[in-house]
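Read through the structure below, which is laid out as structure tokens, and then see the notes.
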Amino acid sequence: MINIEIIKDCGPFWKQIHSNDVFSIYHSKIWKDLIENTFNHTSLYLAASEYGKLIDVLPIFLIRSLFMGKKLISTPYEGCNGGFTSSDVKVRKMLIKQILEHAQELNVQYVEIRSSFPISELKESGFIEKTPLLISEVILKDLDENWQMLSPKHRRNVRTAQKKGVTVEPASNVAEMKIFYKILANHYRDLGVPFFGKNFFIQIWEKLIQNNYASLLLAKLKEEVIGGHLLFFSGKTLVSKYAAVKKDRGFSKLYPSYALFWEGIRLGIEKNFKNFSLGVTGESNTGLLDFKSRFGSKTNTVFFYYYPIRGKIPDFGKYYGEYSLLKRIWRITPSMFTYPVGQKINEWIC
């Protein structure tokens with residue numbers, strides 16, 4: 001008999017999740033605790049099991065805002081992983097039914113479920129399907145094969161970075177994480193996009209990197225950190241979560257970003273991951289999609305499913321393609337304002 005239940009903090013299912021690479025980092029208790037502690041969201045990790053054995057887990061978070069209301073999302077702060085792992089139609093339908101019951105009880109505006117593959121059971125249950133993003137992934141083989149998968153220009157840029165003295169090594173302390181955070185926050189401000197507060201990345205260092213769930217690679221020039229690449233260990237996949245380099249003093253001409261992504265591929269092969277995810281990208285961002293494809297990645301559609309309960313579903317495309325005036329204002333706003341306000345915005349837009 002299949003049971004659907006919310007996983008308790010001290011429940012027995014966490015060990016099964018930890019030991020089975022079918023599940024992603026977003027299914028894990030360590031990620032659940034990190035999101036709850038950083039953003040104060042409430043988790044409802046729904047488990048489907050039979051005779052004590054896990055069949056599927058769907059991480060759901062209740063997101064609340066004094067002005068915006070409430071919503072249920074699987075999974076916030078991640079583009080498409082952390083959703084259904086089972087292909088069992090019956091199990092999926094039972095989980096969907098349970099999610100909608102919780103949504104009605106909590107009186108949320110809508111339910112949102114993200115997936116790297118289409119889920120017909122969601123559409124049959126009344127969910128609206130949208131495809132706002134693309135995901136790029138590289139199949140990891142061995143160093144020689146993956147090196148040849150890079151375009152000639154990308155290989156040349158990796159070599160150029162090495163010849164000009166750029167080195168890549170893992171971060172060794174939380175102070176280096178703070179340096180990377182500043183580079184990353186400035187990068188997002190230049191894009192006109194509100195970003196997380198520093199505490200999120202300190203939590204990532206303490207909860208994920210210190211427990212071998214993630215790694216931070218740093219690009220350095222004569223001991224100065226000029227860029228970084230944050231990677232999550234997620235089941236069979238190494239996930240490129242965040243990357244940025246300094247733009248001042250001509251550092252971008254040293255091609256540190258190429259070195260950082262190549263070292264990400266090297267790390268994935270070294271740790272026996274099967275795939276290297278370069279993350280999600282908006283369809284209109286052709287430059288970034290081309291950059292990723294030249295590492296040998298293949299692009300697939302990401303699926304977002306919405307079920308309105310008592311409000312409109314969001315227009316996700318506007319967040320990436322519109323609000324140009326607000327983005328210009330954000331770019332020139334002092335960081336002492338953008339850092340804390342960005343955190344509050346990301347508590348809702350997640």
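A few comments on the model shown:
- Filter result (free of Cβ contacts under 8 Å to residues at least 60 places away in the same chain, among the aliphatic types (A, V, I, L, M) and farther than 30 Å from ASN300 by Cα) within region 65-115: LEU66, LEU106
- Candidate set from region 52-81 (those that are out of contact with any helix residue (DSSP H, G or I) (no Cβ under 6 Å at 6 or more places or on another chain) and more than 18 Å from HIS41 (Cα to Cα)); member that is surrounded by the most Cβ atoms within 10 Å (Cβ to Cβ): CYS80
- Odd one out for ILE99, checked against (1) farther than 29 Å from PHE276 by Cα; (2) more than 23 Å from the chain's Cα centre (by Cα); (3) crowded, with 16+ Cβ neighbours inside 10 Å: (2)
- Residue selection: ALA175 fails the criterion of being surrounded by 15 or more Cβ atoms within 10 Å (Cβ to Cβ) and either in contact with a helix residue (DSSP H, G or I) (Cβ under 9 Å, 6 or more places away or on another chain) or not charged (D, E, K, R) (or both).
- The C-beta contact set for region 9-25 (first residue in a helix (DSSP H, G or I), second residue surrounded by 14 or more Cβ atoms within 10 Å (Cβ to Cβ) and acidic (Asp, Glu), distance under 9 angstrom, 6+ apart or interchain) comprises ILE25/GLU78.
- Pairs where the first residue, in region 211-236, is within 22 Å of ASN275 (Cβ to Cβ) and the second is acidic (Asp, Glu), C-beta under 7 Å, 6+ apart: LEU217/GLU263; GLY235/ASP21; LYS236/ASP21
- Options SER49, SER43: the member that is in a strand (DSSP E or B) and either among the hydrophobic types (A, V, I, L, M, F, W, C) or more than 22 Å from ASN107 (Cα to Cα) (or both): SER49
- Unique match (being in a loop (DSSP other than H, G, I, E, B) and hydroxyl-bearing (Ser, Thr, Tyr)) among SER240, SER284, SER252, SER257: SER284
Values in this text are rule-based calculations from the coordinates and carry no lab data. Because the structure is predicted, anything quoted here is derived from the model rather than measured. A quick note on method: Cβ atoms are made from the backbone with ideal geometry, for glycine too, and the neighbour counts reach across all protein chains shown.
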